[in-house]
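The structure under discussion appears below in the form of structure tokens.
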Amino acid sequence: MRRLAWRPAELVHAAAETETARTLRLRVPDWPGHLAGQHVDVRLTAEDGYTAQRSYSVAGPADGDLIELTVETVQDGEVSPYLTEEMRVGDQVEIRGPVGGWFVWRPESRAPVLLVGGGSGIVPLMAMIRTRRQAGSRVPFRLLYSVRDPGRRYYAEELRRPEPGLDVSYLYTRSAPEGLSRPARRIMLDDLAEGGWPASFEPDCYVCGPTGFVEAAADLLLALGHAPERIRTERFGPTGG
Amino acid sequence: MSIISRGFRGRRRDDGGRVPPGQYLADDFPVLSAGPTPRVPLDRWEFAIDTEAEQTHRWSWEEFMALPAETPTVDIHCVTKWSKLDTTWEGVSLDVLFEDVETAAEYALVYSYGGYTTNLPLEDLLDGKAWIVHRFDGEELEPRHGGPARLIVPHLYFWKSAKWVRGIRLLNEDWPGFWETAGYHNYGDPWREQRYEGD
Ligand SMILES: Cc1cc2nc3c(=O)[nH]c(=O)nc-3n(C[C@H](O)[C@H](O)[C@H](O)COP(=O)(O)OP(=O)(O)OC[C@H]3O[C@@H](n4cnc5c(N)ncnc54)[C@H](O)[C@@H]3O)c2cc1C
């Protein structure tokens, strides 16, 4: 078995996703490709040799040597502020991957899909949506996306465009836009009962976000009768949420 | 040939050499698992050791709680890069659980409520290296951290410390578990950064 190599990666494009998140396009020579939902490890090295590594989900299918990440700034974070604020086009990091063979969606799959994302947890789910589109899959997808307020939505333009077989619902936790009947609050049973699939459809459920969000959403899915083995979770970040 | 990230300075902390390479210190206690949190009622909980000769040693919750307990304080290291120093647990040493177990097996496959599995050499569970714990930081172990009881093997990456532990199967041959089959390293020594297959 060959060791997963660290590869140099160069920033070729970056754009603000929200006020606190940035999407980075990186060129990684000889990138082997990846599955929707997998992540990479990013390694930063300072001039004196000090290094730090973190994991980031890939946001879409590979485009030759290009991969895309979306990073949320964590206040006082060591790595994310570098990626979202400091790093400029032409700067380099090292990347290895792809990693993770469990939280993945394959376009051959026929089961309906329920995606439940909180905050930056949307990133691997977006990779699944984009992979479905690229593959021309007709598998029905539903996305429930929990964000603090409308300004925190990632990929808002792209998700606004109608896409056959993809339903998108937003769950606002702090402030909802005018005119929505659902008040701003954390995810509840009704949200999953209405915006998800009935358990009898046997959908594959992917839940990703901060720990507290994932715990709550996965428990609600169990309460609605979804089988534990159909609920895949990925937990980002601290217990606080 | 390391690539410098222009403008990256990093945040160094003096950890007295206790944090393995590639890890950072976490102040909170992150959670990582592959699916929903199983909830195991204590009256149905049991822990079992199955030997290669198909003998089973079983403990109910009451029997388990009657065993002599220890309160190890250890450093833990998760493959997702966080480490936590001086975590305090309460539970039963695997040495106690293995007292009456007769085995010549070299490998252990740990299995959990919820279907999770992880493998390690049996010797990595013995001689004061591992515990089945039911308390963290003086409190009952929360379900999200593996309660009612989890394995703790602090010298390996934390995915080996199976949550919601249900039993250990002793095997003559190594049998990769859940993450080990999904591309993670078979052994998982944090000091050698054995994160992924082939490291
Ligand atoms: C498999 C996997 C995939 C991931 N994918 C993504 C992704 O696509 N996009 C993304 O932005 N992040 C992602 N993360 C989280 C990412 O790896 C880092 O944890 C995050 O960027 C913070 O790193 P940092 O160095 O800036 O902060 P640190 O220096 O590690 O932390 C500083 C402080 O912030 C807290 N903190 C750490 N992480 C978070 C968080 N996520 N939210 C709030 N507070 C936090 C810490 O507890 C600490 O107190 C992923 C994590 C995993 C395990």
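The values are calculated or read from the model by the stated rules, or taken from the named source; none is laboratory data. Only a predicted model underlies this, so the values are computations on that prediction, with no experimental measurement involved. No Cβ is skipped: glycine too gets one built from the backbone with ideal geometry, and neighbour counts run over all protein chains shown. Surface accessibility is based on the protein's heavy atoms, side chains included, excluding ligands, DNA and RNA. Shrake-Rupley method; radii C 1.70, N 1.55, O 1.52, S 1.80 Å.
Can you tell me which residue within the range B:168-187, out of those that are within 14 Å of chain A (Cβ to nearest Cβ) and part of a loop (DSSP other than H, G, I, E, B), is farthest from residue B:83 (Cα to Cα)?
First, pick out the residues of the range B:168-187 that are within 14 Å of chain A (Cβ to nearest Cβ): B:176-187.
Checking the rest, the ones that are also part of a loop (DSSP other than H, G, I, E, B) come to B:176-177, B:182-183, B:185-187.
Numbers: B:176: 24, B:177: 23, B:182: 22, B:183: 21, B:185: 18, B:186: 20, B:187: 18 Å.
The selected residue is B:176.
How many residues does the range A:216-227 contain that are under 19 Å from residue A:37 (Cα atoms) and either open to solvent by 10 Å² or more (accessible area, probe 1.4 Å) or more than 7 Å from every other protein chain (Cβ to nearest Cβ) (or both)?
1
Mind counting the residues in the range A:60-79 that are in contact (Cβ under 8 Å) with a residue 24 or more places away in the chain, within 6 Å of the ligand (Cβ to nearest atom) and more than 15 Å from the chain's Cα centre (by Cα)?
The qualifying residues number 3.
Yes/no matrix, rows are residues, columns are (1) open to solvent by 30 Å² or more (accessible area, probe 1.4 Å); (2) assigned to a loop (DSSP other than H, G, I, E, B):
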{"position": "A:5", "(1), (2)": "yes, yes"}
{"position": "A:19", "(1), (2)": "yes, yes"}
{"position": "A:26", "(1), (2)": "no, no"}
{"position": "A:43", "(1), (2)": "yes, no"}
{"position": "A:56", "(1), (2)": "yes, no"}
{"position": "A:108", "(1), (2)": "yes, yes"}
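Please list, ordered by first then second residue, the pairs with beta carbon atoms under 7 Å, 6 or more apart or interchain, first in the range A:44-59 and under 22 Å from residue A:97 (Cβ atoms), second within 8 Å of the ligand (Cβ to nearest atom) and small (Gly, Ala, Ser).
A:44/A:52
For the range B:70-86, give me each residue that is at pLDDT below 95 and hydroxyl-bearing (Ser, Thr, Tyr).
B:80, B:83
Do we have any residue at all in the range B:148-162 that's surrounded by 18 or more Cβ atoms within 10 Å (Cβ to Cβ), closer than 21 Å to residue B:46 by Cβ, in contact (Cβ under 8 Å) with a residue 40 or more places away in the chain and within 14 Å of chain A (Cβ to nearest Cβ)?
Taking every residue of the range B:148-162 in turn, none turns out to be surrounded by 18 or more Cβ atoms within 10 Å (Cβ to Cβ), closer than 21 Å to residue B:46 by Cβ, in contact (Cβ under 8 Å) with a residue 40 or more places away in the chain and within 14 Å of chain A (Cβ to nearest Cβ).
Check the range B:121-132 and report whether any residue there is surrounded by 19 or more Cβ atoms within 10 Å (Cβ to Cβ), within 14 Å of another protein chain (Cβ to nearest Cβ) and part of a strand (DSSP E or B).
Within the range B:121-132 (the criterion being surrounded by 19 or more Cβ atoms within 10 Å (Cβ to Cβ), within 14 Å of another protein chain (Cβ to nearest Cβ) and part of a strand (DSSP E or B)), the answer is no, since none of the residues qualifies.
Which one is modelled with the lowest pLDDT among residues in the range A:80-106 that are assigned to a loop (DSSP other than H, G, I, E, B) and more than 11 Å from the ligand (Cβ to nearest atom)?
So, considering only residues that are assigned to a loop (DSSP other than H, G, I, E, B) and more than 11 Å from the ligand (Cβ to nearest atom), the one modelled with the lowest pLDDT is A:101.
Of all residues in the range B:26-56, which are open to solvent by less than 40 Å² (accessible area, probe 1.4 Å), at pLDDT 95 or above and under 20 Å from residue B:152 (Cβ atoms)?
Those that are open to solvent by less than 40 Å² (accessible area, probe 1.4 Å), at pLDDT 95 or above and under 20 Å from residue B:152 (Cβ atoms): B:45, B:47, B:48, B:49.
For every residue, the table says whether it meets (1) within 19 Å of the chain's Cα centre (by Cα); (2) away from every other protein chain (no Cβ under 14 Å).
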position	(1), (2)
B:32	yes, no
B:41	no, yes
B:46	yes, yes
B:54	no, yes
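If you check A:169, A:120, which single one turns out to be of a type in the set (Gly, Ala, Ser) and within 14 Å of the ligand (Cβ to nearest atom)?
So the residue among A:169, A:120 that is of a type in the set (Gly, Ala, Ser) and within 14 Å of the ligand (Cβ to nearest atom) is A:120.
Being over 14 Å from the mean Cα position of the chain (by Cα) and open to solvent by 10 Å² or more (accessible area, probe 1.4 Å) is the filter here, so list the residues in the range A:83-106 that pass it.
Once the filter is applied, which keeps residues that are over 14 Å from the mean Cα position of the chain (by Cα) and open to solvent by 10 Å² or more (accessible area, probe 1.4 Å), the range A:83-106 yields A:84, A:85, A:86, A:88, A:89, A:90, A:91, A:92, A:98, A:101, A:102, A:106.
Any idea how many residues of the range A:58-100 are within 21 Å of residue B:77 (Cα to Cα) and not aliphatic (A, V, I, L, M)?
Total satisfying the criteria: 6.
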